[in-house]
Each structure stands twice: as structure tokens, then as C-alpha cells.
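Before any comments, here is the structure.
Rule-based calculations on the coordinates, nothing more; no lab input. Worth saying up front: this structure is predicted, and the values here are computed from it rather than measured. Cβ: placed from backbone, ideal geometry, glycine included. Neighbour counts: every protein chain shown.
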Amino acid sequence: MRVGGPAERILVARSAEEVVRHANELWSGDEPWLLLGGGSNTVVHDDGFPGAVLLVRSEGVEVVDDEDQPAGRVRIRVQAGHDWDRLVAACVERGWSGIEALSGIPGLAGAAPVQNIGAYGQELSDVLHSIEFLERETGEVRRMSAAELELGYRDSVIKRGLEGVVLSIDLLLAEGSAAVASTGRHAAPADPAVPAAASGSSDPAAILSEPVRYAQLAAALGVEPGDRVPIRQLRESVLRLRASKGMVLDPEDHDTWSAGSFFTNPIVTERFARALPENAPRFPVDDDEPTPAVTTFEELAAGVPLRVPRAAPERRIKLSAAWLIENAGVPRGFRLPGSGAAISSKHTLAITNRGGASAADVAELGRFVVQRVQQEFGVILAPEPNLYGMEL
């Protein structure tokens with residue numbers, strides 16, 4: 001966002017080993033410190049950060065030999081400091097599908113599981129196998145499965161307070177099926193940091209994406225939800241959609257001087273959602289079905305307590321934060337008098353720096369948006385970026 005003050009000192013880790021060494025040293029001292037990836041989802045107070053900032057700059061991708069995976073699947077290990085979109089572009093060119101709809105998301109790979117990044121119908125949880133994690137409590141490195149991370153909508157056990165550092169992430173991607181015809185588009189240069197799978201890779205112009213799940217993306221591609229398209233075509237379409245909303249960095253476009261979506265889409269009960277205007281967008285949230293309670297006669301005879309069936313939880317609904325903001329009277333381009341921060345002229349979900357904005361300007365506008373939506377709809381929006389030294 002180009003706001004916020006400096007750190008007292010900067011440390012740079014260019015390998016996983018350096019990340020471990022620096023992190024353990026910092027944990028052993030009394031100095032406050034901040035782990036930082038690309039910084040795209042971060043807003044820091046104008047006074048800066050009163051301690052050390054550890055920049056994760058470890059890079060590299062390798063194919064993991066995993067005999068447990070079925071044919072047609074490739075497992076890759078990505079170092080935490082590897083640029084995310086560079087990874088996506090390389091996987092598309094290798095013909096590996098599963099993260100193509102996550103094109104254009106700024107930041108580094110290690111941050112991806114912290115809040116389970118997602119866009120246009122794909123989430124990291126769809127493909128995450130495991131992570132390598134340095135745990136603060138023990139100072140040891142261990143492998144955590146995707147299930148252990150309890151990934152949810154922009155959420156994980158790390159975001160909820162498990163202290164440690166992601167060192168690398170393992171993804172399970174599909175070596176895509178060939179399309180009927182090529183799109184004829186030119187290939188982007190392959191990233192030499194991303195090796196080809198042992199079985200080789202096909203021409204990405206003839207490789208199909210995962211099924212298109214997002215209606216807006218399907219419409220942009222001219223297909224129906226559930227259809228598959230050439231993987232490179234899907235990436236290009238996602239990048240165009242993101243750019244149209246100011247979500248692809250362009251130094252000349254102040255609408256892109258942002259932290260992306262500033263608020264998460266709120267999740268409410270179905271009962272609450274029914275009280276909102278009929279035209280308010282609603283998206284059902286997939287919840288786990290309650291497990292039927294069964295106790296066998298043998299278990300009863302052995303003294304096992306009778307299992308009581310759990311009632312089905314109330315259905316949950318995800319709302320559109322962008323719709324709530326705009327319909328609460330905060331239009332695109334809105335700014336408070338004298339402020340250097342404004343709502344994006346392309347998308348109401350982004351707070352932007354129009355040039356010369358301060359972190360205080362950003363926070364003030366964020367608070368105003370929260371108050372307006374709460375007053376109009378009774379919904380309290382939660383910020384998506386990490387805020388340091390400040391709150392809404």
C-alpha cells in the first residue's frame with residue numbers, strides 16, 4: 001500500500017536454514033519481531049515496527065518422489081520465499097493444473113496456507129498436501145498435513161494463533177488432460193526454478209484446466225460452470241478479470257496501490273441472511289454433515305456410553321462484502337475529506353492509496369466502512385490484511 005513507517009532493523013533469510021536460525025535467535029530474545037513475506041497483505045502503523053523484521057527470501061521448487069500418489073498427479077515442494085504468481089505461471093506452462101485460478105495473487109508461497117488463499121473458485125486447500133513448519137514451542141521443524149492446518153475460508157490454525165514459521169509447502173497438482181484443440185496462444189517463458197515432472201509435460205496450449213467453478217469466470221470464458229478450458233486460457237482470463245478490478249499491481253494505477261480485498265466476505269446464519277434485502281448476494285457454505293450416532297449392542301455390553309445424535313448445525317451463508325459496502329452508501333472512488341486513501345474506483349472491496357496516504361488515512365476509511373455497513377445491515381466486517389500497531 002506504500003504506507004507505514006520503517007522497521008528498526010531488517011534481517012534477510014535466503015534459505016530455509018537461515019529462516020530457522022534467525023527465527024530461533026529472535027524468539028530467544030526480548031525484541032519484538034515481525035515475519036514478512038511479500039508484504040502485500042500488510043498495513044503497518046505510520047510509526048513503523050519497533051523491532052526486527054525478518055524477510056523470507058528462500059526460493060526454489062522441486063518435484064517430490066511420492067509413490068503414494070496415483071498416476072497423473074505430481075507433488076511439488078515450494079520454498080516459502082518463492083513468488084506465488086511466478087509459481088502459478090510456471091505450473092501452467094508445465095501443464096500442471098490445480099492453481100491456475102489463483103493467478104495474479106501477490107505475495108510469497110509461505111503465506112499461502114496461513115489464510116488459505118483463494119480466488120475464482122479455487123483455494124489452496126484444494127491442492128495442499130502438507131507444509132514444513134518451524135514450531136516456536138519446540139524450536140523444531142516438523143511436517144504438518146493439510147488436515148492438521150484446519151484450513152477454512154481465509155483461515156488456518158496458524159492464523160488463529162499457532163506460532164511458528166512456514167518453511168515450505170507441498171502441493172498435489174494434476175498432470176492435465178489434453179484438450180481437443182490448441183488455443184494458438186504464445187507460451188510464457190518457463191520458470192527454470194520449476195522442474196518438469198519425471199513423466200514429462202505436454203504443450204500447455206492443449207492441456208485442460210480444472211473444472212471452472214466460478215460463475216463470473218465461466219461467463220468471461222464463454223463456458224458453463226463445471227466446464228474445462230485450456231489451462232493457459234484460464235490463467236489469462238483470471239489475470240484480465242483481476243486487472244479490471246485493480247487487483248494486479250500497476251505502478252501507474254493507484255487503484256492497485258492496495259492490500260487487495262480489505263475485508264473478508266462475512267459468513268452468517270441462514271436465518272440472519274433471510275433478513276437482508278432480496279437482491280443481496282448469498283453463497284451457501286459447505287459444512288460437514290453431522291456424523292450419525294451409532295452404538296452397537298456389543299459396545300453397550302462392554303460399557304460404552306450411548307452416543308447421542310448431534311443436531312444438524314444451522315446452515316451458514318457467505319455474503320458479498322463488496323455488495324454490502326456499496327449498498328451501505330460507500331461507492332467506488334469514495335474518500336473522506338482531506339484523506340489520501342479512497343475506495344478503489346474499480347472495486348468497493350479495496351481501500352487504495354491515492355498518493356501520499358498515511359496508514360492512519362487507511363485505518364480511518366476502514367473504520368468508516370465498518371460503521372456504515374454495521375449501521376445499515378447489522379453486519380460487522382472483518383479486515384483481511386494483517387494490521388500492525390493499529391486496529392479498525
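Structure notes:
- Under the convention that each Lys and Arg Cβ holds +1 and each Asp and Glu Cβ holds -1, the size of the dipole of the chain around its Cα centre is about 1260 debye.
- Of Trp96, Trp33, Trp84, the residue with the greatest mean-square motion in the GNM of the chain, using alpha carbon springs below 10 Å, is Trp33.
- Normalised by 2.2 N^0.38 Å, where N counts its residues, the alpha-carbon radius of gyration of segment 7-56 equals 1.13.
- Spin-label model, Glu150 to Met390: label points 7 Å out along the Cα-to-beta-carbon direction sit 3.1 nm apart.
- The C-alpha atoms of the chain occupy a region whose extents along the principal axes are 66, 57, 55 Å, arranged from largest to smallest.
- Cut-off of 10 Å, at most 16 other beta carbons, DSSP loop: longest stretch of the chain lacking such GluC sites (Glu not before Pro): 164-251
- Proximal aspartates and glutamates to Lys346, defined as alpha-carbon separation beneath 17 angstrom and excluding residues fewer than eight positions away on the same chain: Asp250, Glu252, Asp253, Asp255, Glu326
- The HN-Hα couplings worked out from phi for segment 113-129 by the Karplus form 6.51 cos²θ - 1.76 cosθ + 1.60 (θ = phi - 60°) are x, 4, 10, 6, 4, x, 5, 6, x, 10, 10, 4, 4, 5, 10, 6, 8 Hz, whole numbers, x standing for Gly and Pro.
- Loop-located trypsin sites (Lys or Arg not before Pro) in segment 89-143 (DSSP state other than H, G, I, E, B) with a sparse environment of at most 16 neighbouring Cβ atoms within 10 Å: Arg136.
- Here segment 31-51 is scanned for amide nitrogen atoms under 13 Å from the site 7 Å beyond the Cα of Glu163 along Cα-to-Cβ, giving 31-35.
- Length gained on full extension, Glu17 to Val223, computed as 0.36 nm times the residue gap minus the Cα-Cα distance: 69.5 nm.
- One equal scatterer on each Cα of segment 46-160, no solvent, Debye formula: the resulting log10 I(q)/I(0) at q = 0.18 Å⁻¹ is -1.05.
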